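Participant: Would you mind keeping the following structure in view while I ask a few things?
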């Protein structure tokens with residue numbers, strides 16, 4: 001997975017992970033798992049063309 005985030009956010013994230021002895025990928029994996037628990041969409045949502053975000057349902 002490749003994502004684009006502002007350089008300052010990446011630097012802050014990298015340094016905070018390093019200070020806590022964590023790999024950035026470990027933290028990202030945990031955050032994605034937490035997000036999926038809150039925003040888990042059923043297959044029917046995707047088949048209908050609707051996608052859940054943190055605050056609304058959007059159509060492509």
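The values are calculated or read from the model by the stated rules, or taken from the named source; none is laboratory data. None of these values were measured; they are calculated from a predicted model. Cβ coordinates were reconstructed from backbone atoms using ideal geometry, including for glycine residues, and neighbour counts include every protein chain displayed.
Participant: Mind checking which residues of region 15-41 are over 18 Å from the mean Cα position of the chain (by Cα) and either part of a helix (DSSP H, G or I) or at pLDDT below 95 (or both)?
Facilitator: Listed by number, the residues that qualify are 15, 18, 19.
Participant: If residue 46 satisfies all but one of (1) touching a helix residue (DSSP H, G or I) at 6+ places or on another chain (Cβ under 9 Å); (2) at pLDDT below 95, what's the number of the condition it fails?
Facilitator: (1)
Participant: Need pairs with beta-carbon distance below 9 Å; first residue touching a residue at least 24 places away in the same chain (Cβ under 8 Å) and within region 1-15, second assigned to a helix (DSSP H, G or I) and surrounded by 10 or more Cβ atoms within 10 Å (Cβ to Cβ); sequence gap 6+ or separate chains.
Facilitator: Correct list of pairs: empty, since none qualify.
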